[in-house]
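In what follows, a single structure is set out as structure tokens and then discussed.
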Amino acid sequence: MSIKSKLSIVMSLFAIAILTVNIILSFLSVRENLRRDSEANMMLIAKQIALAVEQSRSVNDYVRRSNIGREDQNGSFFAGMLDMTSPERIVRESLGANQDLLEITGFFPDEFRDRHSLLFGSYEYMNDSDIFEAVLEVSEKGTSLLRDSYIDGQRVLESFIPIQPNNQPPYVIRIISSYEPISAAVTKQVINEIFISIILLQIVVFASYIIAGELIRPIQVILKKVNQLSSGDFKMRIAFGRKDELGVLARQINMMADNLGHYTEELKLKNEENQVIKERLESIINQMADAIHVTDLNGRILEVNKAFEKLYGWESSEIAGTELDFVPDSCKEERAAWLKQLEEGRPYVLVETTRICKDGRLINVSVSVSPILDEEGEIVSIISISRDMTEHNKMEELLRRAEKLRTVGQLAAGVAHEIRNPLTTLRGFLQLQQRTGNVNETHTDIMLSELERINMIVSEFLILAKPQAVQFETRDVRYTVGDVISLLDSEAHLHNIEFEHHFSSSPLLVHCEENQLKQVFINVLKNAMEAMPGGGKIILQVSEEGDHKVAIRVIDQGEGISEERLEKLGEPFYTSKEKGTGLGLMVSQRIIEGHKGMFEIDSELGKGTIVTITLPQITEAHEEAATPTTGEIA
């Protein structure tokens, strides 16, 4: 239904309500006015009838007393005079002349109280229930009374007029008149009002429809323009010269069209840019060599790229929406730990771990886990980037071996020097015994001691020279550092360098591959020695730190490292040495990372360098720490 029809109906209903109220008020007003007028007329008629009856009764009494007309032989004239002046005749003529009069009754109040004796008229419209009170009220007050009554189911007007004749007892005239004239007049007036109201209502409905059309026409124009606006035509404008609310609305719609056109154009450009960026990102993600997969917080796969399918063997269609079980039992707790770190605010988690391929193979991967946040900053999903570390680990192992061999080559000179000294001693004592032909026990003990020293040096050298299987065991790191000090002590003496060590008095157990840690300590100590060409002191500290950590610090008095060089340390093939490769420090860092530790370097140019290696401490050893065969513990 249109607004025009609704507005017309509302106006018509409002007119109907007003006309209805007007009819009701007119009915009540007319009825009351007619009633008062009719009652006044009835009272006037009643008083006139009462006056005529009283005059007739007086004349009749006079005729009766004066014997007028008795000369007639038959007395007919006297009877006629009595009849003409009789109150009954007045009653009959009054009832006959006015059809609305139903009954006229005259009675003495005292006699009516006892016997209902009538003075004249009839008493067919009986109302004994309260007529007695009305008669007494009228006779006592001496005023007329008019009331609306129901007698035998008929509505009538009941008039009581007190009469006070001279020298005669007072009496009351009761006149009953019909209420029908009043009802008929009221009904006629109401019908007229209804007829007039119907005509007025038709005029109002027609006028309201026309007025509603005129009122709605500007809104229809605006609606037409808004429809054009909703269809995407932002160039339309409403030409409106009005200054009322509709004019303001039209101007606001024009402004809205301008803004929408401007914003829509911007959105189109942004959408095109976003589409290009989306296609580019999808292309980059799918072309990346790293495996990418997105999961929800419950671990269900949302999306994977082609590298993921190639690395792990699953197609995107067969794992989408499922919880992919490609984590070994030993790594089941990783996800909960990652989520906890991400919820604590870490931007990403980078770890090396193991995963299971579709064909059951175990592969070593480097996994970078990052959160995807919503507008409120809440984590809604997790993106994981996996990289196959198999070839990388093989290359690192080759680098470690190469660095170990290079270190062994560098140690060869020092070892040769260390071995030459006891060999010289052995040769001298052997030549002496050959000349004398006697075996000196003192010389023999010295020779055996020197041979034992040679054996120890060669054993340590072989540990570094030959490849070792990576096998983590529980070791006391104090003894491991002591073994390295013993190995490098002779070379340090050649360069006028002294080792000063401060070890904890209690065991410091770590889970490690001892040969790898020795390689790290050798690399760090050799770097410290090379940084001190003029000799000096190198301090080694092995102590326990908080959070179950073991800290190994190597403090030299060398030349120090500038900030620019310090930032590049650890990069492959970056070195300041003439014959260096830059791989030693990188390999050492990777070894410490593989032991879940940290490798930190602090240096100040001209003051020296501090290398801090932090490893997780084992508070309760799962294995007995091996008893060291060499090394020193302060």
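Bear in mind that the values in this text are calculations on the coordinates, not laboratory data. Source: prediction; values computed, not measured. Here the Cβ is made from the backbone with ideal geometry for all residues, glycine too, and neighbour counts use every protein chain on show.
3J(HN,Hα) along segment 435-451: 6, 7, x, 10, 9, 9, 4, 4, 5, 5, 5, 5, 5, 5, 4, 5, 5 Hz, from the Karplus curve 6.51 cos²θ - 1.76 cosθ + 1.60 with θ = phi - 60°, whole Hz, x for Gly and Pro. Candidates Ile319, Cys331, Ile363 compared by Cα position along the dipole of segment 269-363: farthest toward the positive end lies Ile363, with charges placed on Cβ.
Ratio of Rg to Rh for segment 146-208: 1.40 [Cα atoms; Kirkwood radius as inverse mean 1/r over pairs].
Using the alpha-carbon positions of segment 232-287, Rg (one decimal) and Dmax (whole number) come out as 19.1, 63 Å. The GluC sites (Glu not before Pro) of segment 282-348 that DSSP puts in a loop, and whose beta carbon has at most 14 other beta carbons within 10 Å, are Glu315, Glu333, Glu344.
Within the straight-line cut-off of under 12 Å between alpha carbons, the aspartates and glutamates reachable from Lys526 are Asp489, Glu491, Asp556, sequence neighbours fewer than 8 places apart in one chain being disregarded.
Look at where the Cα atoms of segment 202-260 and of segment 303-322 average out, and the two centres are 57 Å apart. Separation of the alpha carbons by more than 28 angstrom is noted, of Lys225/Lys268; Lys6/Lys235; Lys340/Lys518, for Lys6/Lys235; Lys340/Lys518. The residue list Gln275, Leu260, Asn286 was ranked by how far each Cα lies along the charge dipole of segment 232-287 toward its positive end, using unit charges on Cβ atoms, and Leu260 comes out on top.
Sparsely packed loop sites in segment 239-325 (the trypsin sites (Lys or Arg not before Pro) outside DSSP H, G, I, E and B with at most 10 other Cβ atoms within 10 Å) comprise Lys243. The local environment of Arg355, defined by Cβ-Cβ distances under 10 Å, has a net charge of 0 under the rule Lys, Arg +1 and Asp, Glu -1.
With a threshold of 27 Å on the Cα-Cα distance, the over-threshold entries among Lys141/Lys188; Lys278/Lys310; Lys358/Lys394; Lys310/Lys596; Lys394/Lys549; Lys278/Lys332 are Lys141/Lys188; Lys310/Lys596; Lys394/Lys549; Lys278/Lys332.
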